[in-house]
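Peer 1: Got a structure for you, questions after.
Here, each number is a calculation from the coordinates, and none is a lab measurement. None of these values were measured; they are calculated from a predicted model. Methodologically, a virtual Cβ is constructed for each residue, glycine included, from the backbone with ideal geometry; neighbour enumeration extends over all protein chains shown.
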Amino acid sequence: MPQAGLMMELPLLLSGVLQHAEAQFGQVEVVSRETHGPLFRYTYADCAQRARQLANVLQALGLQAGDVVGSIAWNNHRHLEAYYAVSGSGMVMHTCNPRLHPDQLIYIINHAEDRVVLFDASFAPIVKAIAAKCPRVMAWVCLSDATHTAALEGIPHLHAYDTLVEQASDQFEWPTFDERTAAALCYTSGTTGNPKGVMYSHRAIVLSAITCCMPGLLNLSPHETILPVVPMFHINAWCIPYASFVGGAKLVLPGPKLDGASLYELMESEGVTISAGVPTIWQALLAHVEQHQLRFRTMRRTAVGGSAMPKALIAKFMDTYQVEVRHGWGMTETTAVATIGTLPPALSHGPAAAQHDYLAKQGKTVHGVSIKLVDENGQDIPRDGQTQGELMVRGHWILSGYYKGEKSPLVNGWFPTGDIATIDADGLMNIRDRVKDVIKTGGEWISSIDLENVALEHPAVAMAAVIGVEDPKWGERPLLFIVRKPSASLESQEILDFLASKVAKWWVPERVVFLDALPLGGTGKIQKSELRKLHS
Ligand code: ADP
């Protein structure tokens, strides 16, 4: 009989993270862009106090442990308070993606059984449109003060957040409960069928947040100032609102202003050292910086994921602006980052091209997460860096089943990601495509990500996307979409010749479609489903 460990058994709870931050980093700042424009600033201690007040408000509204509170909100300090107050009370914080179709929003609010919904004033038109179809919601709370809330019309059971919070006591005893209790809920985007709910436990979030602070990941400590551009309404902003409280980093929340110029100004004025977001955000930021010949005064590192980071963008960040790129992979079902690419010592001073090649891949698993590849028959595939297969993942903060889902999605204890990848002998993983995006031509596969990467190396290309379209002879052929840089001239033949000089002949598309913009989803990713609808 093995000897039991003789350690205390204390649950990992988000209230513990908040209490830690208040006690250790009480004077660390949170800076937040109000929905109506100005910057607001306070400290972790102030945030903890307001979270206790909000916990009292929720109780006074009659909510109990297990109840669900929705949010339709930007990255801002009130949303942050709600993250801790709701989960800390044993309730579930359900972050809703405001860019979902209204029917999908109604579906998820009803499916999750939200009792109260917190929303930013800019989403009032959405709330007005959906409120009547969400009968279980007994309070719609505008994340603002009385004045801005009074300006809204046509919303039932409307409350002003600040008024509720300011009237409540700041004394609240956080309850203790099992660390496996649900803390937060996020629905997948539902590009096929209805969105599916991913229910995060306290344990999963706390472990993931601690991991985010590791030096090879975000390296969060009081020496850092972090600006998460990745939205708090999607995958808990990759757990940064929790991780910054674990590590004690100053937190800068950009609110609704996510354009390149606003982000740059905020980074400079607040001394941001690290940021995190999807590649399209970085494209816009760098376009602004280049156009105005600016430099980054304090930015040292950027974490990027959500879709593949183009090599051309990696090169620009690293070589022109001396901003280190950390390219990771994760999905709603993985709570936060599951793999991350950080240059190994041997490459740190290596040739730039080798660094870019390494960082264009999605890195290695963080401790606590494992990955493997399987073929179409579910058989394991060797880690040779060549053979492609479906990426399977498991770990302490990986989903085991969808909320109210009937069938387990797991296969032999692993979660099938729907991504096609390679893994090399050293554990370095490379996403080649999504299963649904891969282009099958004459029995061979073309990686849309690789083709997009090459197209983006052309100096006149601002954005690129590739989809497969039906072809009577080959099954499918690639179709390339290009958005030109402002005032750049580029015609089909020139970009096709450029591609032909860089990739195998059979990869080169026959056709190019020039667009003014690509359709972006709620999280800033290119929506290939929309391109397919229009052009297949
Ligand atoms: P969706 O994009 O469908 O709304 P998620 O936000 O959960 O849902 O996205 C997860 C998916 O995003 C992954 O399965 C993968 O296809 C893609 N992804 C995430 N990070 C990367 C990356 N660094 N490179 C390529 N694809 C990525």
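Peer 1: Quick one: compute the contact order of the chain, relative version, from alpha carbon pairs under 8 angstrom and 6+ residues apart, as a percent.
Peer 2: So the answer I get is 10 percent.
Peer 1: Can you compute the FRET efficiency between Leu347 and Gln19 using 1/(1 + (r/R0)^6), with r the Cβ-Cβ distance and R0 = 45 Å? Round to the nearest 0.05.
Peer 2: Using R0 = 45 Å, I get an efficiency of 0.65.
Peer 1: At 0.36 nm per residue, and after removing the present C-alpha to C-alpha distance, how many nm does the segment from Arg136 to Trp506 gain when stretched out fully?
Peer 2: Extra length available between Arg136 and Trp506 comes to 127.7 nm.
Peer 1: Please find the FRET efficiency linking Gln171 to Thr298, where r is the Cβ-Cβ separation and R0 is fixed at 30 Å, and quote it to the nearest 0.05. Write out the running numbers ahead of the final one.
Peer 2: Values: r = 38 Å, r/R0 = 1.28.
In this case the efficiency is close to 0.20.
Peer 1: Here's another thing I want to ask about it. What residues qualify as long-range amide H neighbours of Leu343, i.e. H under 5 Å apart, gap of 5 or more or another chain, H built at 1.01 Å from N?
Peer 2: The answer is none.
Peer 1: Another question, if that's okay. Could you sort out which of Lys196/Lys502; Lys196/Lys473; Lys440/Lys525 sit more than 28 Å apart by Cα distance in this structure?
Peer 2: Flagged as over cut-off: Lys196/Lys502; Lys196/Lys473.
Peer 1: What is the spin-label model distance, in nm, from Asp471 to Ala517 if the labels are put 7 Å beyond Cα along the C-beta direction?
Peer 2: In this crude spin-label approximation the distance works out to 3.1 nm.
Peer 1: Given Cα pairs under 8 Å that are at least 6 residues apart, what percent is the relative contact order of the range 437-536? The partial results should precede the final answer.
Peer 2: Values: 156 pairs, mean separation 25.6, N = 100.
This gives 26 percent for the range 437-536.
Peer 1: Sort 323-336, 263-276 by packing, meaning the average of other beta carbons within 10 Å per residue, with the highest value first.
Peer 2: Descending packing order for the listed peptides: 323-336, 263-276.
Peer 1: I've got another one for you. Hey, can you grab everything whose amide H is under 5 Å from the amide H of Gly70? Only 5+ residues off in sequence or another chain; H modelled, so Pro and N-termini drop out.
Peer 2: Those qualifying (amide H under 5 Å, at least 5 residues apart or on another chain) are His94, Arg115, Val116, Val117, Leu118.
Peer 1: How much FRET efficiency would the formula 1/(1 + (r/R0)^6) give for Leu6 and His367, where r is the Cβ-Cβ distance and R0 is 22 Å, rounded to 0.05?
Peer 2: The value I calculate is 0.35.
Peer 1: What are the ³J(HN,Hα) values, in whole Hz, obtained from phi via the Karplus relation 6.51 cos²θ - 1.76 cosθ + 1.60 with θ = phi - 60°, for each residue of the range 123-132 in sequence order, with x given for Gly and Pro?
Peer 2: 9, 4, x, 5, 4, 4, 6, 9, 3, 5
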